[in-house]
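Below is one structure; the comments refer to it alone.
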Amino acid sequence: MTARLRRSVPLLVSAAGAMIVTLDGTVLLLAQPGLQHALAADPVQVQWTSTGYLVAVASLLVLAGRLGDRYGHLRLLCIGLLGFGAASAGIALAPSVGWVIALRVVQGLFGALLQPATLAVLRLAYPERELRRAVAVRTGAIAVAAGSGPVLGGVLVAHFGWRAVFWLNVPVVLAAVLLASAVRLPTPERQARQPLDLTGAVLLAGALALLVHALAGVPAHGWTSGPTLLGLAAVAALAAAFAVSQRRAAHPIVPSAVTRSVPVTASMALLLLATAGLFGSLFTAAFLLQDVLGLDPLATGLRVLPLTVLMVLGSPLASVALGRWGPRPTAVTGTLLVVIGVAGFARLSASGATGPAGALCTALIGAGFAAVMVTATGTVVGDAPPEYAGAVGGLKQTATNIGPTLGIAVATSVGAAASAGPTLLVLAAITALGLLPAALLPGNRRTDMPERPPGREPEAPARR
């Protein structure tokens, strides 16, 4: 293996892990109708094939990142990949919908192990300049997976049935694990091993699990229903207990070096709001194009294709802008583009939504979101000390997992199917709130980003 290729392997592993998770989520949407028919499942059970996964993954991401900081990110990445692939194979063989739901929860657990590690690997492998480019490539890879997932899922379901979309993960996972075995990462200088804050971990996991469950139930129950209010009240109580425990803990689950970092906390708030606006808008646009205008799923996918294309093309350009002008101008510009695109789509007539004006709006959203993702991810990963790379990776992934659930909850409560225009304007306003944390990011090109310290020895994946 040449030196240049060896240098690219960590990026390939990171992108592969991120694409596996993204692809799995998009192809699932195409598999659910066939799954429901074949296993005689009711709509609530089908919904839990998504909700069970989301609850498991969102609640455990931060803890998984801290475990990676403690035991090694490549080890956690390989365990996560293998477990994710094994759960996928189990789902493909599942005899009933109950097994599917249980294995989706297991899949979420292993997905939580691998997601923070995909970012931590980049933080430990590359210095600042190369890190920006690596984050841009990873973002573009996620966009490719998100865009190709519905097409690939449709082909597999049409020709081989719903179980085929879960078999798809198995060879991809094995290839990613083989790639990971070739990675050698410098080990960050660590002080004496600190005890794990189990109390904080349990409180945080419980709060996040209840939050995702409550938000996922909004489409069915509404914001003011008993289950939603009770769930949000429980979230508030657990969050308060978590805050108290973190102040008292000698070694909190979320390190103080991370919580005190304005760039890190601002980037996570920006990601939460931007993903809420984007996914809520896509949810609303899908209702508009299919239920109101009568387009089929393929035609709908083609109408939003400019978003995917501009995300792929815009990611490297965002990396260049980030290096030249810094995080704040790049993030503010990206957020504004998303707001303009969503608000513009809201003002279009039915015919305009399917024409060039609609394509322009979705292209603006894609270009803007690429700038936000590259800037916020690069800032979160790059600003964190290497010994806490997993913790910040887990926090970042938590924001991007909860944001879409929040956006869809808002879209359904406003009335995505009945009033797309007002719904999109509300989502544009939510996205515009991201300008506040974007303004808190560093205003000039980062020259003081903490560099990865030299490692004492390579970190290899676990062989047991």
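The values are calculated or read from the model by the stated rules, or taken from the named source; none is laboratory data. Predicted model, so just to flag it, every value in this text is computed and none were measured. Heads up, the Cβs are rebuilt from the backbone with ideal geometry, glycines too, and the neighbour counts pull from every protein chain shown. Just so you know, the surface numbers come from the protein's heavy atoms only, side chains and all, with ligands and any DNA or RNA stripped out. Shrake-Rupley method; radii C 1.70, N 1.55, O 1.52, S 1.80 Å.
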Can you find even one residue in the range 235-250 that is surrounded by 15 or more Cβ atoms within 10 Å (Cβ to Cβ), touching a helix residue (DSSP H, G or I) at 6+ places or on another chain (Cβ under 8 Å) and under 20 Å from G25 (Cα atoms)?
-> no
Is it true that some residue in the range 256-266 is outside any helix (DSSP H, G or I), farther than 25 Å from L433 by Cβ and either modelled with pLDDT under 90 or not charged (D, E, K, R) (or both)?
-> no
How do the pairs read when you match residues in the range 119-134 that are under 17 Å from T400 (Cβ atoms) with residues anywhere that are aliphatic (A, V, I, L, M), using Cβ under 6 Å and keeping only pairs 6 or more apart or on different chains?
-> L119/V381; A120/A389; L122/A134; R123/V381; R123/A389
Out of contact with any Pro (no Cβ under 6 Å at 6 or more places or on another chain), over 28 Å from Q246 (Cβ atoms) and not polar (S, T, N, Q) - does that describe any residue in the range 60-78?
-> no
Counted residues in the range 320-348 being among the small types (G, A, S), over 21 Å from V262 (Cα atoms) and either open to solvent by less than 10 Å² (accessible area, probe 1.4 Å) or under 21 Å from the mean Cα position of the chain (by Cα) (or both) come to 1
Report, by residue number, each residue of the range 210-251 that is of a type in the set (A, V, I, L, M, F, W, C), over 16 Å from A409 (Cα atoms) and not in a helix (DSSP H, G or I).
-> A249, A250
Listed by first then second residue, the pairs whose first member lies in the range 380-398 and is among the charged types (D, E, K, R), whose partner is part of a loop (DSSP other than H, G, I, E, B), with beta carbons under 8 Å and at least 6 positions apart or on separate chains, are D383/S261; D383/M449; D383/P450; E387/P188; E387/E189; E387/R190
